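Note sheet for the following structure.
The values are calculated or read from the model by the stated rules, or taken from the named source; none is laboratory data. This structure is a prediction, so every number in the text was calculated from the model and none was measured. Cβ placement follows ideal geometry from the backbone for every residue including glycine, while neighbour counts extend to all protein chains displayed. Surface areas here come from the heavy atoms of the whole protein model, side chains and all, with no ligands, DNA or RNA. Shrake-Rupley method; radii C 1.70, N 1.55, O 1.52, S 1.80 Å.
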Amino acid sequence: MTLIAGNWKMYKGPAEAAEFCLALRQQDLDGVNVVVCPPYVSLAIAVQLLAGTEIAVAAQNAHWEQEGAYTGEVSATMLRELGVYGVIVGHSERRQYFGETDEMVAKRARGALEAGLFVIACVGETDTEREEDKTEEVLRRQVSVFEPDDNLVVAYEPVWAIGTGKTATPELAEEAHGFLKSVLDVPVLYGGSVKPDNAEALLAQPDVDGALVGGASLDLDSFIEICRAGARIHS
């Protein structure tokens, strides 16, 4: 079944998150797996308001240790205690702005999986790397640090398409997803300016198993439309 995950990034504090979740739980989203990924401060209210639904809640990051002297960090076991289902690791913004390396991302993924969380591990090339024909080299390096796991999916997010309005063509996305699956046998989501008007074409590709949605997940109507596009593909 198609997986649609909404990454809210640093948007929607508890009040906005509550309003969104109350409206989302009223929707008919059968036929698609739906996950929302609020910032830390809004996780508890999201878990509370989406309890009893099929909509899961995931965090946007987690430390690899379960406890310790790591000021400002949050562990996977703490997230589990809160009722959180999964976590994103290695988002391009974490790599770009906070210096996260492939090795750090691998440790975060491993720690989360060991704690029982579902993991969405992000990989993707920059505009320069694509222009230099290094896409496969970069993707192989990034994805090779992970091991297959029933609770692991990869999200292909071409960095040049994050928040830029640019989107990989369905054919380009399919090519990258096929390559990633040849290196690591796990489902692969597409992330990179997914919107209601391009979601169905992207999700219709054979190797695209869902979407990691950024900006379009902040608006209830557009997120619902993308979720329903995912449901239609496999109906």
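Rounded to whole numbers, the Karplus 3J(HN,Hα) couplings from phi for region 190-203 are 9, x, x, 6, 6, 9, x, 7, 10, 4, 5, 5, 5, 6 Hz, using 6.51 cos²θ - 1.76 cosθ + 1.60 with θ = phi - 60°, and x at Gly and Pro. Length gained on full extension, Ala51 to Ala204, computed as 0.36 nm times the residue gap minus the Cα-Cα distance: 52.1 nm. For the chain, the solvent-accessible area of protein heavy atoms averages 46 Å² per residue (probe radius 1.4 Å; ligands and nucleic acids excluded).
Can you give the extra length, in nm with one decimal, that the chain gains between Ala44 and Glu65 once fully stretched, where that is 0.36 nm per residue apart less the Cα-Cα distance? Mind showing how you got there, number by number?
Numbers: separation 21, 0.36 × 21 = 7.56 nm, distance 2.11 nm.
Length gained, Ala44 through Glu65: 5.4 nm.
With all projection directions averaged, the alpha carbon convex hull of region 1-125 covers 8.0 nm². Placing pseudo-labels 7 Å out from each Cα toward the beta carbon at Ser182 and Ala23 gives an inter-label distance of 4.3 nm. The calculated 222 nm mean residue ellipticity attributable to helices in the chain amounts to -12500 deg cm²/dmol, summing -39500 (n - 2.57) over DSSP H runs of n ≥ 4 and dividing by all residues. Could you work out what % of the accessible surface of the chain is carbon and sulfur, using a 1.4 angstrom probe and leaving DNA, RNA and ligands out of the count? Its accessible area is 49 percent carbon and sulfur atoms. Loop-located GluC sites (Glu not before Pro) across region 40-103 with a Cβ neighbour count of 10 or fewer within 10 Å are Glu67, with loop assigned by DSSP.
The solvent-accessible area of Asp185, taken with every protein chain present and a 1.4 Å probe, is close to 130 Å². Pick from Leu139, Leu203, Leu82 the residue whose mean-square fluctuation is largest in a GNM of the chain, springs joining Cα atoms under 10 Å. Evaluated over the chain, the most mobile residue of the options is Leu82.
For region 1-92, the relative contact order is 27 percent, taking Cα pairs closer than 8 Å that sit 6 or more residues apart in sequence and dividing their mean separation by the residue count.
So what is Rg over Rh here for the chain, counting just Cα atoms and using Kirkwood for Rh?
Rounded to two decimals, Rg/Rh equals 0.94.
The loop-placed trypsin sites (Lys or Arg not before Pro) in region 6-105, going by DSSP, include none that has at most 13 neighbouring Cβ atoms within 10 Å of its Cβ.
Mean sequence separation of contacting Cα pairs (under 8 Å, at least six apart), scaled by the length of region 1-50, corresponds to a relative contact order of 56 percent. Residues whose amide H comes within less than 5 Å of that of Ile88, counting only those at least five positions distant or on another chain, are Ala59, Gln60, Asn61, Ile120 (H built at 1.01 Å from N in the peptide plane). Ordered by solvent-accessible area of protein heavy atoms (1.4 Å probe), largest first, the residues Trp64, Trp8, Trp160 come out as Trp64, Trp160, Trp8. If you plug the beta carbon distance of Ser144 and Glu171 into 1/(1 + (r/R0)^6) with R0 = 30 Å, you get a FRET efficiency near 0.75.
Contact order, relative form, for the chain: 21 percent (alpha carbon pairs under 8 Å, 6 or more residues apart, mean separation divided by residue count). Thr101 contributes about 60 Å² of solvent-accessible surface, heavy atoms of the protein only, 1.4 Å probe.
Mind jotting down the distance between the C-alpha centroids of region 53-76 and region 79-99, whole Å? Answer, in whole Å: 7.
In whole angstrom, region 19-76 maps to an equivalent ellipsoid with semi-axes of 27, 12, 8, each derived as √(5λ) from the alpha carbon gyration tensor and ordered largest first.
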